[in-house]
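The values are calculated or read from the model by the stated rules, or taken from the named source; none is laboratory data. Since the model is a prediction, treat every value here as computed from it, not as a measurement. With ideal geometry, Cβ positions are generated from the backbone for all residues, glycine too; neighbour counts draw on all protein chains shown. All accessible areas refer to the heavy atoms of the entire protein, side chains included, with ligands and DNA or RNA removed. Shrake-Rupley method; radii C 1.70, N 1.55, O 1.52, S 1.80 Å.
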Amino acid sequence: MMTRMSTSAPSPLLLGPLLRFVGAHDASVWVETAGPARVTVTVGERTWEAATFAVEGHHYALVLLSDLAPGTEHVYTVAIDGEHVWPLADSPFPPSSIVTLTPGRPPRLAFGSCRTSVPHDAEHHRSHGVDALRTVALSLAKGEGRRPEVLVLLGDQVYADETSPEMHDFIAARRDIDEAPYEEIQDYTEYAELYRLAWSDPAIRWVLSCVPSAMIFDDHDIRDDWNTSWSWHRMMNATPWWHERLVGGLASYWVYQHIGNLAPEELAADEIWRMLADAGPGEVDLTEPLRHLAERVDREPETYRWSYTRALGNSRLIMLDSRAARVLEPDRRSMLDDDELAWLDEQLTGDLNHLFIGTSLPFLLPPGLHDLEAISESLAGPQRPAPVRKGMETVRQVVDLEHWGAFQSGFVEVFDLVASVARGERGRPPATITFLSGDVHHSYIAEVTDPQSQGFHSRVVQAVCSPIRNPMPRGVRVLMSQMAKSLVRPMRWLAVRTKGVADPRHPWQLTDGPWFDNNLALAEVDDDGRGMTLSWFTGELVEGMAEPVLRTVSSVHVAELAPDASSRPPQTVTGGKPQ
């Protein structure tokens, strides 16, 4: 018989549960425990169990649920060695539940990136703004709106290089904070604490227990400018602390984020997960295999894939690694290595209502910024004189010129693949092909201009939502807003006069934004499956209310292309003015 946990005794559940993959019949629930254990998830009269696995002295389980009824809400509980640990006895939130996908139902995707883990008090509201994800969680807990089918977290779930005062205290208690890497994360144990701080707020913990999540890393999950260039890679490898930081970052990413991303068939094929499947009933220690994996993928990124897909009824989400899969050799730069590009080629098909491509870095930057990055890549290339090359490399790292525009080879190859889907060369073209991105600490929409003149039957849209909670300084906001518009003509003039920078084959323009609020965005496919509404929500403090409330920043409807009409840009329906 299950025993209810005493609120006065330490809980064997340290973190979670996180509801990760959810399909029509399957789901996965992730937990971190205080020690070796068997974890049980119960739905009604049915139970599923998993033994914990260990990494660097920490203990985890991913419980795989199967044969669930589609389109159904399944309330669940969690027990550790027979002791009830979730939901908490005194929780003010509704019971956690799994809502399996309904075949053919138009999906809702929440998305965003860049969330710092600082307290939710007046001081940190002033310095970091209101946490948009937490505000959405509080709204959903009140029954306001339908839960998304998936929460797409597009990088910088944790900041390994910009840690909070609470994290500083943890670091100082175990090593000298005046020695490198100072207040940055050093190893796996510090990463484990970083994730605990990010996901343990009660509202965040609840929403992650009942909204499926799909995650991908960006640079701050490891370090700012991670894999910007070959020079950056060589510089970091020369530091005495980088190896342990990278190993801890990638190993913890596998544990805390990656395995929960995967559908059952993808998980079964994972080389590390198979070690658990092939082992006996007891706890397996994955410390050494994960250390070896992290070291290997840094040297040979093509040997392991962090990218994955999610089926969403008649739509598909492709989550694309735009950090670890980079080719950095100066004379052979690409955002994706050959194996990654071949994999993406296989995933980019038609016969879908909507195709979503999640990539932490915006694929379509504002055109002026894209040209600036393309110019920077050319000037930093091996064919340039050494002073020009070195100077531009310094500029590239200082001002973060390392998005898709700075990797022109991969950008052109991926855009051509997407264009073939939009033209209907890979099956019935989707109504929309939407890049979901973050990273840049402002939000906007861009779209391919006049798509029908290029033979497109799909709208090709870039939707950026950043930050969830890490606002851009106000002075920089003004500069970025001006650059997004005023840079277009001068950068295009300079780009056409720069050797090695080609004219874009599929021009695009900024259609909405930029805006700079802390946001969480929602992509909601129309009931008829044809169009889509993109909305951005922020948390707002209202006098007399204890918790922030949601405010709509902008809402944009993206209609399908009419077969006999000229292209029209998306129409802004509601929203606040860009700041």
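Assorted remarks:
- Filter result for Thr33 (closer than 27 Å to Asp526 by Cβ, surrounded by 18 or more Cβ atoms within 10 Å (Cβ to Cβ) and β-branched (Val, Ile, Thr)): no
- Some residue of the range 389-409 being within 18 Å of the chain's Cα centre (by Cα), in a loop (DSSP other than H, G, I, E, B) and over 28 Å from Arg426 (Cα atoms): yes
- Scanning the range 527-557 for residues that are within 15 Å of Phe356 (Cα to Cα) and not β-branched (Val, Ile, Thr) yields Gly529, Arg530, Gly531, Met532, Leu534.
- Residue count for the range 220-231, restricted to those that are in a helix (DSSP H, G or I) and open to solvent by 10 Å² or more (accessible area, probe 1.4 Å): 3
- Residue selected from the range 440-483 under the condition part of a helix (DSSP H, G or I) and among the β-branched types (Val, Ile, Thr), by the criterion most open to solvent (accessible area, probe 1.4 Å): Val478
- Leading residue by the ranking (farthest from Leu64 (Cα to Cα)) among those in the range 267-289 that are at pLDDT 95 or above and in contact with a strand residue (DSSP E or B) (Cβ under 6 Å, 6 or more places away or on another chain): Thr287
- Among the residues of the range 242-257, not a single one is buried (at least 18 other Cβ atoms within 10 Å of the Cβ), assigned to a loop (DSSP other than H, G, I, E, B), at pLDDT 95 or above and not basic (Lys, Arg).
- Selection status of Arg146, more than 23 Å from Gly438 (Cα to Cα) and either open to solvent by 20 Å² or more (accessible area, probe 1.4 Å) or of a type in the set (D, E, K, R) (or both): yes
- Single unsatisfied condition, Val158 versus (1) more than 24 Å from Leu250 (Cβ to Cβ); (2) assigned to a loop (DSSP other than H, G, I, E, B); (3) β-branched (Val, Ile, Thr): (1)
- Of all residues in the range 84-124, those satisfying the criterion of being crowded, with 17+ Cβ neighbours inside 10 Å and either of a type in the set (Val, Ile, Thr) or touching a Phe, Trp or Tyr at 6+ places or on another chain (Cβ under 8 Å) (or both) are Val85, Pro87, Phe93, Ser96, Ile98, Val99, Thr100, Leu109, Thr116, Ser117, Val118.
- Test for Ile204: is it more than 24 Å from the chain's Cα centre (by Cα) and among the β-branched types (Val, Ile, Thr): no
- Test: Phe53 is open to solvent by 10 Å² or more (accessible area, probe 1.4 Å), in contact (Cβ under 8 Å) with a residue 60 or more places away in the chain, touching a Phe, Trp or Tyr at 6+ places or on another chain (Cβ under 9 Å) and not small (Gly, Ala, Ser): no
- Among the candidates Arg497, Arg492, Arg505, residue that is under 12 Å from Pro367 (Cα atoms) and open to solvent by 30 Å² or more (accessible area, probe 1.4 Å): Arg492
- Taking first residues from the range 184-198 that are among the β-branched types (Val, Ile, Thr) and partners that are modelled with pLDDT of 95 or more and not in a helix (DSSP H, G or I), the Cβ contacts under 6 Å between residues at least 6 apart in sequence or on separate chains come to Ile185/Ala160.
- Test: residue in the range 18-26 that is free of Cβ contacts under 8 Å to residues at least 40 places away in the same chain and out of contact with any strand residue (DSSP E or B) (no Cβ under 8 Å at 6 or more places or on another chain): no
- The residues of the range 484-513 that are in a loop (DSSP other than H, G, I, E, B) and on the phi > 0 side of the Ramachandran plot amount to a single one, Gly500.
- Scanning the range 164-194 for residues that are surrounded by 14 or more Cβ atoms within 10 Å (Cβ to Cβ), assigned to a loop (DSSP other than H, G, I, E, B) and out of contact with any Leu (no Cβ under 7 Å at 6 or more places or on another chain) yields Ile177, Pro181, Tyr182, Glu183, Glu184, Gln186, Asp187.
- Test: residue in the range 383-397 that is closer than 29 Å to Tyr253 by Cβ and hydrophobic (A, V, I, L, M, F, W, C): no
- Subset of the range 433-484 (residues that are over 18 Å from the mean Cα position of the chain (by Cα), under 17 Å from Ser554 (Cβ atoms) and touching a residue at least 60 places away in the same chain (Cβ under 8 Å)): Ala446, Glu447, Arg477, Ser481, Ala484
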